[in-house]
Amino acid sequence: MKIAIVSPNKILLNEIGKLLQAASHVAVLAEGGKEKLRQVAERDQPDLMLVDGGAFCDGNSLAPIEDLTTRHPHLAVVLLCGGCSPDFLISAMRSGVREVLASPVVPADLAATVERIGSKLRSAQSRAIGKVLAFIPCKGGSGATFLATSLAFQLSETRSVLLIDLNLQFGDALSFVHEGRPPSTLADVARAIDRLDASFLAASTARVAPNFSIMAAPDDHAQAVEITPSQVDAILAVAVLHYDFVVLDLGRSVDNLSIKALDRADTIYAVMQAGLPSIRNAKKMLAIFKSLDYGPAKIALIVNRFDRKGAIGVAEIERTLGKFTIHTVPNSYKHVTTAIDHGEPLVTSARSDPVLRNVAELADSLSPRPHAPRNMFERLLARAAASTSGDSHVLP
């Protein structure tokens with residue numbers, strides 16, 4: 001594990017450095033105070049940072065520590081303090097500090113703390129990083145929110161999914177699949193960003209299905225404008241560690257906040273329709289993506305409410321917009337509108353709808369699910385394979 005030690009005390013630096021190196025850790029020694037924190041975090045990218053808390057433990061502001069843990073949510077921070085009051089300990093934990101050790105440090109206590117944090121970091125790293133899927137409409141009324149919530153629901157049948165409503169002014173993704181009110185909104189989480197961890201994140205979402213949760217957009221425009229790009233980035237950094245898929249429902253505006261989210265996206269789904277106004281807007285949107293250095297591999301087009309017999313087909317769209325992955329979703333106005341009006345997923349009200357089948361195919365391409373054997377011969381083969389693999393019970 002790479003561990004950075006920040007202290008103005010050369011003797012302390014060398015003593016702790018020797019202890020860590022003896023335990024086979026990589027020790028980065030940084031002589032200085034709070035002004036060194038961000039520099040060391042960005043330059044050396046340690047897993048753990050031990051900070052000599054002399055500049056903080058006397059009751060001075062913990063703002064530099066809070067800034068550090070907000071900018072680098074994966075970094076574990078431990079403070080070394082000579083004597084701390086209970087109130088200070090609470091403030092330190094709220095600022096994102098993992099633990100506070102007495103100073104001068106006892107070698108056994110340091111070793112135990114490093115091992116404890118190392119174990120947690122190894123556990124987090126053993127889990128695959130979740131994929132981020134961003135939905136953005138090329139034109140108002142394109143159906144991006146419906147497709148984002150529908151795909152998220154389909155993916156949640158086999159994977160854990162969090163949908164974050166980043167349409168800060170007009171977001172209503174939760175109402176598409178759920179009638180209740182959320183326990184918190186994105187604005188609430190942003191205001192308490194210093195408390196952000198997996199438990200706080202999960203508690204701030206509305207549970208739609210066992211594996212599907214939604215973080216709702218703010219109700220109040222005044223709260224929405226207070227959310228910063230760095231706060232969104234910090235939330236996404238935690239979310240991808242604890243969910244298999246993080247689906248982002250974005251508004252049409254491409255600003256600093258949405259760019260921060262789009263930067264993290266593995267795939268951006270630009271949702272459009274096969275009409276000239278929508279195609280013109282899609283062309284503008286793709287030009288913005290190009291200016292942001294998003295390559296074609298990162299972008300997919302979804303042509304919603306597509307009519308195969310319509311005047312504009314996929315070939316015409318490709319000639320105008322270029323070679324991108326294009327998904328088409330058929331028009332099913334009645335079933336889709338009914339599902340939205342009832343605040344329930346389409347899978348609940350119209351299982352055989354062609355739109356549902358189409359979204360399920362997209363979900364399957366992102367996260368292939370095991371298919372049941374189709375005939376008796378395949379079932380017999382599956383049963384034989386299971387028995388040879390050591391299964392003690394085989395269900396028909």
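Bear in mind that the values in this text are calculations on the coordinates, not laboratory data. Model, not experiment: these values are computed from the prediction. Cβ placement follows ideal geometry from the backbone for every residue including glycine, while neighbour counts extend to all protein chains displayed.
What lysines could a cross-link reach from Lys10, if we take a straight Cα to Cα line under 16 Å and drop same-chain neighbours fewer than 8 places away?
List returned: Lys18, Lys34, Lys36.
Mean shadow of the range 1-70, computed from the convex hull of its alpha carbons, in nm²?
4.4 nm²
Taking other Cβ within 10 Å of each residue's Cβ, how do Met49, Met1 sort, fewest first?
Starting with the residue having the fewest Cβ neighbours, the order is Met1, Met49.
What full-extension length gain, to one decimal in nm, is calculated for Lys18 and Asp263 as 0.36 nm per residue of separation minus the Cα-Cα distance?
84.2 nm
About its Cα centre, what dipole magnitude does the range 134-223 give when the only charges are +1 on Lys and Arg Cβ and -1 on Asp and Glu Cβ, stated in debye to the nearest 20?
Here the size comes out at about 160 debye.
So, in nm, how far is label Ala203 from label Lys120 when the simple model puts each one 7 Å beyond its Cα toward the Cβ?
So the label points at Ala203 and Lys120 sit 1.5 nm apart.
Sticking with the crude label model, points 7 Å out along Cα→Cβ, report the distance from Val26 to Arg308 in nm, one decimal please.
Output for this residue pair reads 5.5 nm.
Relative to 2.2 N^0.38 Å, what does the C-alpha radius of gyration of the range 214-269 come to as a ratio? Two decimals please.
Against the empirical 2.2 N^0.38 Å value, I get 1.12 for the range 214-269.
Compute the distance from the alpha-carbon center of the range 264-292 to that of the range 141-197, in whole Å.
Answer, in whole Å: 22.
Could you state the principal axis extents of the C-alpha atoms in the range 249-314, from the largest down, to the nearest angstrom?
39, 21, 20
Could you check the simple spin-label distance between Arg38 and Lys290, using points 7 Å along Cα→Cβ, in nm with one decimal?
That separation, rounded to one decimal, is 3.5 nm.
In whole angstrom, how long is each semi-axis of the equivalent ellipsoid of the range 131-366, when you take the square root of 5 times every eigenvalue of its Cα gyration tensor and sort them from largest down?
Value: 27, 21, 15 Å, ordered largest first.
Of the candidates Ala112, Ala274, Ala216, which one comes out as most mobile in a Gaussian network treatment of the chain with C-alpha springs shorter than 10 Å?
The residue that fluctuates most here is Ala112.
Gain in length, Val225 to Lys2, computed as 0.36 nm per residue apart minus the alpha-carbon separation, to one decimal in nm?
Fully extending the segment from Val225 to Lys2 adds 76.5 nm.
With no solvent and one point per C-alpha, what does the Debye sum give as log10 I(q)/I(0) for the chain at q = 0.06, 0.08, 0.12 Å⁻¹?
Normalising to I(0) and taking log10 leaves -0.32, -0.55, -0.99.
Quick check on the range 77-135: what does the Kirkwood estimate of hydrodynamic radius come out to from the alpha carbon pairs, in Å?
The answer is 13.6 Å.
With +1 on each Lys and Arg Cβ and -1 on each Asp and Glu Cβ, how big is the dipole of the chain about its Cα centre, in debye rounded to the nearest 20?
Roughly 1380 debye for the chain.
Against the empirical 2.2 N^0.38 Å scaling, what ratio does the C-alpha Rg of the range 2-125 come to?
Working it through for the range 2-125, the quotient is 0.95.
Hey, could you grab the Kirkwood Rh for the range 169-247? Inverse mean 1/r over distinct alpha carbon pairs, Å, one decimal.
For the range 169-247, inverting the mean 1/r across all distinct Cα pairs yields 12.9 Å.
Considering the options Ile268, Ser142, Ile279, tell which one lies farthest towards the positive end of the dipole of the range 131-366, charges being +1 on Lys and Arg and -1 on Asp and Glu at the Cβ, about the Cα centre.
The residue sitting most towards the positive pole is Ile279.
By how many degrees, 0 to 90 and rounded to 10, does the Cα axis of helix 333-342 deviate from the longest principal axis of the chain?
40 degrees
Projected onto the charge dipole of the chain (+1 at Lys/Arg Cβ, -1 at Asp/Glu Cβ, origin at the Cα centre), which of Ile312, Thr69, Leu250 gives the Cα projection farthest towards the positive end?
Ile312
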